[in-house]
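Novice: Dropping the structure in here first, questions after.
The values are calculated or read from the model by the stated rules, or taken from the named source; none is laboratory data. Keep in mind the model is a prediction, meaning the values are calculated, not measured. All Cβ positions, glycine included, derive from the backbone under ideal geometry; neighbour counts span all protein chains shown. Heads up: the accessible areas ignore ligands, DNA and RNA and are worked out on the full protein's heavy atoms, side chains in. Shrake-Rupley method; radii C 1.70, N 1.55, O 1.52, S 1.80 Å.
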Amino acid sequence: MSLNSTIDRVTDRIRERSATARGEYLGRMAAAVAKGPARAHLSCGNQAHAYAAMGADKDALVADRQPNLGIVTAYNDMLSAHQPYERYPDLIRAAARKAGATAQVAGGVPAMCDGVTQGQPGMELSLFSRDVIALAAGVALSHNVFDAALYLGVCDKIVPGLIIAAATFGHIPAVFVPAGPMPSGIPNDQKSAVRNAFAQGKVGREELMAAEMASYHGPGTCTFYGTANTNQMLMEFMGLHLPGSSFVNPGNGLREALTGAAVERAAAITALGNNFTPAGEILDERTFVNGIVGLMATGGSTNLVLHLPAMARAAGVMLDIEDFGEISDAVPLMAKVYPNGLADVNHFHAAGGLGFMIGQLLDAGLLHPDTKTILGEGLDTYRQEPKLQGDTLVWEKGAAETLNDRILRPTATPFAPVGGLKQLSGNLGRGVIKVSAVAPDRHIIEAPARIFHSQEAVKAAFRADEFKGDTVVVVRFQGPRANGMPELHSLTPMLTVLQDRGYKMALVTDGRMSGASGKVPAAIHVSPEAACGGAIGRLRDGDIVRLDADAGTLTAVGVDLDSRPLAEADLSGNTHGIGRELFEVFRQNVGPSTEGARVV
């Protein structure tokens, strides 16, 4: 099957836009590769410090003939998704020795949980944590004693931050090692119903706590299809995971065997072997386009519209939100996973999962088949799924047909002919909307605006029963320059309640929504943000705002915004408390959301 013309055209445009930056990047990487394995250039004193605690591995490290793998870990036991990584260093060191290599924990990176900080001041550090993770991984690898890196991370900002680091250290191979989702808990619609009932005061905190604890109940990634699991999908579509490894639950033999195989593969693709595959060669424009295709086909998290441009720029690839919009129009929506449907990622995996999707998209000409991956040339191997035969890990041909068409469908009969996200533009700026979970009769909302400068003010208005009709809720001064661009997911239950009362509701914001949001139309990442003079800062209560997800427009109707002064907001409360003091330099230097809200 020839490559789809839209995918081909968008890729060519990205390649042309990136020519200078990508050329300079590849030149830097080639110069680093030409110096040879790094340890050969270190002094004896340098190496002695690096190997002092390595016990029985010292002789192999000093001999300098075996690959040394650097482990960059996001382990902590406050994140359920990362708790399984506690044992991984021992597993990796043992697997490395078996593969004729050594491994060291190069360093740890911070990993915060958006589920814990949702609606709290700490959420204002969340987006910036991505750049801190990239910096911390850079420090870990700066010792320059590693022939490849193994990245242990799953959740929202962690994988994007680690990809930025992997691209920056793109002269060595990078293998991402997942930990898998927790087993299924209570059904997602049941959890959502309890949240909505609590928002209306129909159930108490005891009932809400019981439902939440039954949903988030053990080690592993949360099972809804939010940002964390979208990250895992991306790593497979981009060829940085082993095939079929993203959604294998923690704590079983297959999960452990996949970890060992990832280590073995990392050792095999260093410059000391015959299959040298540096990360910088994998992370080209075709790979990022494949990632965007996966995002659209699965109805993934809107957060990746921020993260992918930041990740790509680290490899000299320049993405724009127009690329996302055009790819979305060419790619069918093939999956229904909560919040886009009732199933969770375990059900999705059982229905055929990523192997089925990749095979279908390849056959339809919607993926670049010739990308480099950690397994070599071509994405075709990612049709496979791993299995254990006794104690032996094997890959077999994956599902050729969906095993549950209520969850997963082929490209010929998708849930929708276009992908899960839509670009928006108009006199209010540029933004994005996730449409995969929004009912078609809510794709167009035209209603009076109600202006807020904080999510707390929206909640207060809801509690006071002030919403009496169709409303476009505008929450501004929530962009990266204003307060770090927190997610506003805690507004979802209230807006859902209002929508269920029969009102036409929409959210317009220069902030973010969680990857778990979606049923209420939400124009997010509006740029320029209010704190940078964006038109959203000129709206007033009562202005008619039209959000048209079908046409891809976001407009204030019949309003001359240019003639109005910008609203002012007291942002002093965003500068202190829960560590916000430490991030003033980030707020002052962050780029626009259209470029990934980057600091580094």
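Novice: Among the residues of region 166-220, how many are of a type in the set (S, T, N, Q) and either surrounded by 21 or more Cβ atoms within 10 Å (Cβ to Cβ) or at positive phi (or both)?
Specialist: 4
Novice: Here's a follow-up. How many residues does region 442-461 contain that are touching a residue at least 60 places away in the same chain (Cβ under 8 Å), in contact with a helix residue (DSSP H, G or I) (Cβ under 7 Å, 6 or more places away or on another chain) and open to solvent by 20 Å² or more (accessible area, probe 1.4 Å)?
Specialist: The qualifying residues number 0.
Novice: Quick check on region 393-403: of everything there that is of a type outside the set (Phe, Trp, Tyr) and touching a residue at least 60 places away in the same chain (Cβ under 8 Å), which residue is surrounded by the fewest Cβ atoms within 10 Å (Cβ to Cβ)?
Specialist: Restricting to residues being of a type outside the set (Phe, Trp, Tyr) and touching a residue at least 60 places away in the same chain (Cβ under 8 Å), the top hit is Leu393.
Novice: Suppose we keep only residues that are among the polar types (S, T, N, Q) and either closer than 22 Å to Asn252 by Cβ or touching a Leu at 6+ places or on another chain (Cβ under 9 Å) (or both) within region 193-225. Which one would you say is modelled with the lowest pLDDT?
Specialist: Ser215
Novice: Pairs under 8 Å by beta carbon, first residue closer than 26 Å to Ala437 by Cβ in region 550-569, partner basic (Lys, Arg) and open to solvent by less than 60 Å² (accessible area, probe 1.4 Å), six or more apart or different chains?
Specialist: Gly552/Lys422
Novice: Given the criteria small (Gly, Ala, Ser), outside any helix (DSSP H, G or I), modelled with pLDDT of 90 or more and within 30 Å of Asn249 (Cβ to Cβ), does Ala81 qualify?
Specialist: It is true that Ala81 is small (Gly, Ala, Ser), outside any helix (DSSP H, G or I), modelled with pLDDT of 90 or more and within 30 Å of Asn249 (Cβ to Cβ).
Novice: OK, next. Is there any pair with a first residue in region 330-342 that is farther than 16 Å from Lys422 by Cα and open to solvent by 10 Å² or more (accessible area, probe 1.4 Å) and a second that is part of a strand (DSSP E or B) and among the aliphatic types (A, V, I, L, M) whose Cβ atoms are under 8 Å apart and which are 6 or more apart or on different chains, and what are they?
Specialist: Lys336/Ala343; Lys336/Leu408; Gly341/Ala335
Novice: Moving on. Condition first: crowded, with 18+ Cβ neighbours inside 10 Å, out of contact with any strand residue (DSSP E or B) (no Cβ under 7 Å at 6 or more places or on another chain) and not small (Gly, Ala, Ser). Now tell me which residues in region 419-441 satisfy that.
Specialist: Across region 419-441, the qualifying residue is only Val438.
Novice: Out of everything in region 563-582 that is in a loop (DSSP other than H, G, I, E, B) and open to solvent by less than 80 Å² (accessible area, probe 1.4 Å), what residue ends up being nearest to Pro480 (Cα to Cα)?
Specialist: Leu571
Novice: Pairs needed: first member in region 523-542, over 20 Å from Asn303 (Cβ atoms) and touching a residue at least 60 places away in the same chain (Cβ under 8 Å); second member anywhere, β-branched (Val, Ile, Thr) and open to solvent by 20 Å² or more (accessible area, probe 1.4 Å); C-beta distance under 7 Å; at least 6 residues apart or different chains.
Specialist: Note: pairs meeting the criteria are Leu539/Ile451; Arg540/Ile451; Asp541/Ile451.
Novice: Among the residues that make up region 40-58, is at least one of them open to solvent by less than 40 Å² (accessible area, probe 1.4 Å), of a type in the set (S, T, N, Q) and within 30 Å of Thr230 (Cα to Cα)?
Specialist: No, region 40-58 has no match at all.
Novice: Any residue in region 336-345 that is within 17 Å of the chain's Cα centre (by Cα) and small (Gly, Ala, Ser)?
Specialist: no
Novice: Scan region 125-165 for residues that are of a type in the set (Asp, Glu) and surrounded by fewer than 24 Cβ atoms within 10 Å (Cβ to Cβ) and report the count.
Specialist: 1
Novice: Could you tell me which of the residues Gly108, Gly119 is surrounded by fewer than 22 Cβ atoms within 10 Å (Cβ to Cβ) and touching a strand residue (DSSP E or B) at 6+ places or on another chain (Cβ under 6 Å)?
Specialist: Gly108
Novice: Quick one: is Gln423 of a type in the set (S, T, N, Q) and under 30 Å from Asp562 (Cβ atoms)?
Specialist: yes
Novice: Tell me which residues, restricted to region 343-391, are closer than 17 Å to Thr223 by Cβ, open to solvent by less than 60 Å² (accessible area, probe 1.4 Å) and outside any loop (DSSP other than H, G, I, E, B).
Specialist: Result: Ala343, Val345, Asn346, Phe348, Gly353, Leu354.
Novice: Please give the number of the condition Val116 fails out of (1) more than 17 Å from the chain's Cα centre (by Cα); (2) modelled with pLDDT of 95 or more; (3) not charged (D, E, K, R).
Specialist: Evaluating Val116 over (1) more than 17 Å from the chain's Cα centre (by Cα); (2) modelled with pLDDT of 95 or more; (3) not charged (D, E, K, R) leaves (2) as the failure.
Novice: Kindly provide the set of residues from region 475-499 that are of a type in the set (Lys, Arg) and part of a loop (DSSP other than H, G, I, E, B), ordered by number.
Specialist: Passing the criteria: only Arg476.
Novice: Go through region 194-214 and count every residue that is assigned to a helix (DSSP H, G or I) and of a type in the set (Val, Ile, Thr).
Specialist: 1
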